[in-house]
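Okay, so here's the structure we're looking at.
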Amino acid sequence: MLDTSFKEQLKGIFASLESDYLLDIAVTDSHESKNELLELLGDVAECSGKVTLKIASGEGLQFALVKDSVPTGITFRGVPNGHEFTSLLLAILNSDGKGKNFPDEFIVNRVKALKGPIRLTTYVSLTCTNCPDIVQALNMMTVLNPSISHEMVDGAINQEEVDALKLQGVPTVFADGVQIHVGRGELSDLLAKLEEKYGSDTSVSEKTVKNYDVVVVGGGPAGASAAIYSARKGLKVALLAERVGGQVKETLGIENLISTSKTTGEVLANNLKKHMEDYPIDIFEHRKVEHVEVDGANKQIFVAGGELFVSSVLIIATGASWRKLNVPGETEYIGRGVAFCPHCDGPFYKGKHVAVVGGGNSGIEAAIDLAGICSKVTVLEFMDTLKADQVLQDKVRSLPNVEIFTSRQSLEVVGNGEKVVGLKIKDRVSEQESVIDLDGIFVQIGLAPNSGVFKDLVDATRSGEIAIDTHCRTNIPGIYAAGDVTIVPFKQIIIAMGEGAKASLSAFEDRMRGLLG
């Protein structure tokens with residue numbers, strides 16, 4: 001299953017393993033995926049004398065990771081290929097105390113402080129690009145805290161279980177049988193949810209104060225640019241982010257970043273981090289800012305878990321997130337028919353009728369992707385014309401199972417208590433209301449600024465975009481904003497990078513002129 005060149009790479013990766021690992025397999029003899037699993041894990045074991053297999057008959061298909069004869073608490077119920085193969089490798093490396101996905105000491109201590117026992121289960125699709133982030137984060141938490149256990153479940157080969165739970169979105173995380181998370185997420189979100197549900201054995205509420213010349217909040221293109229430009233001025237810089245890369249990581253293909261003809265969001269996010277690591281920038285990932293206070297010239301940035309960052313300069317570059325319809329029924333049916341990622345959740349709707357709400361580039365791209373999976377795709381656009389690029393419009397109109405309606409307003413997500421069964425809409429021309437019978441709804445109506453923590457501190461528009469002048473200054477001296485979180489038009493990566501640089505240079509200029517107090 002693994003080619004020769006990849007096996008050689010894997011041998012190098014496993015060369016530093018210190019402990020002995022057993023992949024403890026239990027599988028029904030007649031299981032259709034048995035041979036695929038045994039071949040994959042056999043190839044993995046061939047790459048290191050530290051990894052062995054144990055095969056036994058069992059119900060279903062699963063394997064547990066055992067370290068030096070002691071169970072790690074990590075289980076895979078499925079064949080971890082595709083996007084999840086990295087999750088298997090990292091589970092082994094993390095158990096050995098290795099792997100670049102380990103957080104810093106502050107976050108590690110928060111994970112270790114979680115009260116247990118905690119039994120976590122994550123349902124995934126092997127085509128989902130968001131699922132590995134969740135699986136790897138929870139596996140890492142399991143390694144750090146022995147009172148946590150975690151199993152990954154491939155929904156495709158455990159379909160009866162998925163149907164019984166009425167799942168229509170991935171990743172979906174259960175904690176001791178209670179659903180706590182659906183969709184894309186960050187370690188900071190998962191950790192906060194577990195702290196709220198289970199509590200912590202030790203208090204981390206005592207403030208840890210860190211002082212900097214510049215604090216950048218946000219790890220996307222704008223935030224990375226602001227941090228790099230500030231560090232190049234010789235300033236002491238901290239960057240706080242839930243994840244480096246931000247919204248960019250969800251972009252599969254990028255073809256309009258000038259000088260780079262084609263790349264992916266994942267590659268660009270990694271390059272942003274590598275570039276920042278060339279400078280003395282303190283990067284604090286998995287951080288969620290709770291609130292900000294202004295104390296004279298100082299800005300006090302309070303972070304979940306008890307950290308306090310103090311700086312005379314705050315640059316807000318928190319970007320934007322997928323906008324919701326904000327209609328009745330939407331929140332109740334997220335993960336049960338309401339979805340935001342066609343790449344992740346599209347396979348759940350094979351042969352079914354879905355709607356895509358939104359006629360911009362993201363909406364039409366989603367419709368094109370879903371048309372290859374679903375029996376029928378209905379595109380609903382609020383305006384009287386589609387806003388997508390003409391090449392995308394031409395493509396979608398050529399597909400026989402796609403219908404397009406403009407001037408349609410979404411009024412209500414209709415469900416039967418278990419899942420979505422329709423969408424109530426209004427024809428904005430005739431004012432006539434109707435319900436479209438549907439199996440799923442993919443919301444693709446653009447982005448909403450991530451400004452909630454800041455919009456009561458600085459001036460913002462009704463929609464939440466932070467108001468700035470031509471130099472990225474807000475109405476509060478020493479607070480700047482850049483990128484998609486602001487009023488700057490055209491939410492593009494290249495524009496966000498430029499705005500981040502502009503914010504940094506403006507802050508430096510104000511410092512030199514003595515305007516920061």
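The values are calculated or read from the model by the stated rules, or taken from the named source; none is laboratory data. Here the structure is a predicted model, which is why all the values come from computation and not from measurement. Cβ placement follows ideal geometry from the backbone for every residue including glycine, while neighbour counts extend to all protein chains displayed. When the accessible area is computed, the model is the full protein with side chains, heavy atoms only, and any ligands, DNA or RNA have been set aside. Shrake-Rupley method; radii C 1.70, N 1.55, O 1.52, S 1.80 Å.
Mind counting the residues in segment 1-56 that are outside any helix (DSSP H, G or I) and among the hydrophobic types (A, V, I, L, M, F, W, C)?
Taking segment 1-56 first, the residues outside any helix (DSSP H, G or I) are 1-3, 15-33, 47-56.
Next cut, among the hydrophobic types (A, V, I, L, M, F, W, C) only: 1-2, 15, 17, 22-23, 25-27, 47, 51, 53, 55-56.
Final tally of qualifying residues: 14.
Are any residues in segment 162-176 open to solvent by 20 Å² or more (accessible area, probe 1.4 Å) and either of a type in the set (Lys, Arg) or touching a residue at least 12 places away in the same chain (Cβ under 8 Å) (or both), and if so, which ones? Let's see the steps before the verdict.
First, pick out the residues of segment 162-176 that are open to solvent by 20 Å² or more (accessible area, probe 1.4 Å): 163-166, 174, 176.
Matches in segment 162-176: 165, 166, 174, 176.
Just give me the residues in segment 54-73 being of a type in the set (Gly, Ala, Ser), open to solvent by less than 80 Å² (accessible area, probe 1.4 Å) and over 19 Å from residue 34 (Cα atoms), in sequence order. So that I can check it myself, show each step before the final result.
Filtering segment 54-73 for residues of a type in the set (Gly, Ala, Ser) gives 56-58, 60, 64, 69, 73.
Still in the list and also open to solvent by less than 80 Å² (accessible area, probe 1.4 Å): 56, 58, 60, 64, 73.
Within segment 54-73, 73 is the sole residue that qualifies.
Return only the number of the condition from (1) among the hydroxyl-bearing types (Ser, Thr, Tyr); (2) buried (at least 22 other Cβ atoms within 10 Å of the Cβ); (3) farther than 23 Å from residue 192 by Cα that residue 375 does not satisfy.
Going through the list (1) among the hydroxyl-bearing types (Ser, Thr, Tyr); (2) buried (at least 22 other Cβ atoms within 10 Å of the Cβ); (3) farther than 23 Å from residue 192 by Cα, residue 375 breaks only (2).
Conditions: (1) open to solvent by 30 Å² or more (accessible area, probe 1.4 Å); (2) closer than 27 Å to residue 243 by Cβ; (3) touching a helix residue (DSSP H, G or I) at 6+ places or on another chain (Cβ under 8 Å). Residue 357 meets all but one. Number of the miss?
The failed condition is (1).
Looking at 51, 27, 111, can you tell me which residue is touching a Ser or Thr at 6+ places or on another chain (Cβ under 9 Å), among the β-branched types (Val, Ile, Thr) and open to solvent by less than 20 Å² (accessible area, probe 1.4 Å)? Don't jump to the end; show me each part of the working.
Working: 51 fails: touching a Ser or Thr at 6+ places or on another chain (Cβ under 9 Å); 111 fails: touching a Ser or Thr at 6+ places or on another chain (Cβ under 9 Å).
The match here is 27.
Test residue 240 against the criterion of being at pLDDT 95 or above and either assigned to a loop (DSSP other than H, G, I, E, B) or under 26 Å from residue 451 (Cβ atoms) (or both), and give yes or no.
Yes.
Within segment 320-327, can one find any residue that is in contact with a Ser or Thr (Cβ under 8 Å, 6 or more places away or on another chain), open to solvent by less than 70 Å² (accessible area, probe 1.4 Å) and under 30 Å from residue 212 (Cβ atoms)?
No, there is no match, as no residue in segment 320-327 is in contact with a Ser or Thr (Cβ under 8 Å, 6 or more places away or on another chain), open to solvent by less than 70 Å² (accessible area, probe 1.4 Å) and under 30 Å from residue 212 (Cβ atoms).
Name the residue that is nearest to residue 119 (Cα to Cα), counting only residues in segment 173-191 that are among the hydrophobic types (A, V, I, L, M, F, W, C) and over 15 Å from the mean Cα position of the chain (by Cα). Spell out the reasoning first.
We begin by selecting, within segment 173-191, every residue among the hydrophobic types (A, V, I, L, M, F, W, C); these are 173-175, 178, 180, 182, 187, 190-191.
Still in the running and over 15 Å from the mean Cα position of the chain (by Cα): 174-175, 178, 180.
On the way: 174: 8, 175: 6, 178: 10, 180: 12 Å.
For segment 173-191, the residue satisfying everything is 175.
Here are 145, 139: which of them is without any contact (Cβ under 8 Å) to a residue 40 or more places away in the chain, crowded, with 18+ Cβ neighbours inside 10 Å and closer than 29 Å to residue 67 by Cα?
On the way: 139 fails: without any contact (Cβ under 8 Å) to a residue 40 or more places away in the chain.
Residue meeting the stated conditions: 145.
Of all strands (runs of 3 or more DSSP E) completely enclosed by segment 334-408, which ones contain at least 1 residues that are closer than 21 Å to residue 253 by Cα? I'd like the intermediate steps shown before the answer.
On the way: elements: 353-357, 376-380, 402-405.
Correct list: 353-357.
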